[in-house]
1. Let me spell it out: the conditions are (1) at negative phi; (2) surrounded by 15 or more Cβ atoms within 10 Å (Cβ to Cβ); (3) not in a strand (DSSP E or B), and residue 268 meets all of them except one. Which number is the exception?
2. Hey, any hits in the range 107-117 for a residue that's surrounded by fewer than 14 Cβ atoms within 10 Å (Cβ to Cβ) and either over 30 Å from residue 37 (Cα atoms) or not basic (Lys, Arg) (or both)?
3. So which residues in the range 21-61 are buried (at least 21 other Cβ atoms within 10 Å of the Cβ) and either free of Cβ contacts under 8 Å to residues at least 40 places away in the same chain or touching a helix residue (DSSP H, G or I) at 6+ places or on another chain (Cβ under 9 Å) (or both)?
4. Residues in the range 221-240 that are under 18 Å from residue 168 (Cα atoms) and either touching a helix residue (DSSP H, G or I) at 6+ places or on another chain (Cβ under 7 Å) or of a type outside the set (Val, Ile, Thr) (or both): how many?
5. Scan the range 234-265 for residues that are of a type in the set (Val, Ile, Thr) and buried (at least 21 other Cβ atoms within 10 Å of the Cβ) and report the count.
6. Just need a number here: residues in the range 241-259 that are in a strand (DSSP E or B), of a type in the set (Val, Ile, Thr) and within 20 Å of residue 170 (Cβ to Cβ).
7. Evaluate the following for residue 224: is it hydrophobic (A, V, I, L, M, F, W, C) and crowded, with 22+ Cβ neighbours inside 10 Å?
8. Can you name the condition, by its number, that residue 275 falls short on among (1) outside any strand (DSSP E or B); (2) within 20 Å of residue 257 (Cβ to Cβ); (3) of a type outside the set (Ser, Thr, Tyr)?
Amino acid sequence: MGQPGARAALVSVSHRDLGTLGGAVSQGKAVNRRGQVVGTSRDALGRTRAFLWEETLGIVDLKPLTGVNSSANDINDNGEIAGGGDTGFGDFHAYLLSAGTSFDLGTLGGNESEALAVNRRGQVAGHSRGAVAPAKHAFVIVEPGTMIDLGTLGGATSIAHDLNENGAVVGLAETKTGEPRAFVWTATDGMRDLGTLGAASMALGINNRAEVVGGSGHAFLWTAGAGMIDLGTLGGRTSCANAINDVGCIVGASQTGDSDARGLPVTHAFLRTPDGRMLDLGTLGGEHSAAVAVSDNVGARHAAPLLWIAGHSHDASGRVRAALWAVRLG
């Protein structure tokens, strides 16, 4: 939440299309303070491939594992990348790409896993199938080679979406009655149900102040002191918060109240500043966009802070493209 004197004035917003690997669709999934973006893109053969985008190199196929399809879901400030990929033997495994080497992180005993988050310490969180039950369970890897099953809130399924530098994990877990609930997990306290805003909930981001964001019909911010707070929308019925940085900048997607050419609700990427304003980040010329990741502040302390925000947007032709927003706040 905003602190006295922390009011942020919007200085400028710019955005760019990051292109594709030759196919029709790409989506940005994460961005670090260096402006490196990872995500997925269709290639010229229609395969889903993990990519890394950098200003100097453009968009590059990461080729993390030996199989056909792959994903890149997070990148930390050290350039380590987490995702999932075909192993070449019919399985899909989580991986960590570090210093040019890809490490297969294995599974909880089943044939499928995927890493969705990596922190600056190289700890990884995601989901995996077990050897017996077909449902996915959230996992965290705190030490190399040890994948910890985080369990559920009494139901069958759980997924870990993010973790902070202290190893606190957030995600979605089913209750005994099958209801999806946002959770936070710590090694000391285990899994905690964060409640809802009246609808099913899921937690998608956590910062180093243990502030949690996600969606429950509307975007929410959860703190230990205040519980779950409704962040509202850009004027439409629904919204979802996807990420929060260490100064409390939150990004996500929200319906605007408008309708597109098909009569469906228009959804735009948003930035919620620490002083509580929800700003519409616009699109690449099309009708829809979503922001899924935000960097910590970039640049000198005396300069207007720069944020990198990654996601996807329709362009003027209606194609879905990975997008990078550069936002300066004063």
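The values are calculated or read from the model by the stated rules, or taken from the named source; none is laboratory data. What you see is a predicted model; the values in this text were computed from it and never measured. With ideal geometry, Cβ positions are generated from the backbone for all residues, glycine too; neighbour counts draw on all protein chains shown.
1. Evaluating residue 268 over (1) at negative phi; (2) surrounded by 15 or more Cβ atoms within 10 Å (Cβ to Cβ); (3) not in a strand (DSSP E or B) leaves (3) as the failure.
2. no
3. Answer for the range 21-61, where residues must be buried (at least 21 other Cβ atoms within 10 Å of the Cβ) and either free of Cβ contacts under 8 Å to residues at least 40 places away in the same chain or touching a helix residue (DSSP H, G or I) at 6+ places or on another chain (Cβ under 9 Å) (or both): 40, 49, 50.
4. Here the count works out to 6.
5. Adding up the residues that qualify gives 3.
6. 3
7. Judged against the criteria, residue 224 is not a match.
8. (2)
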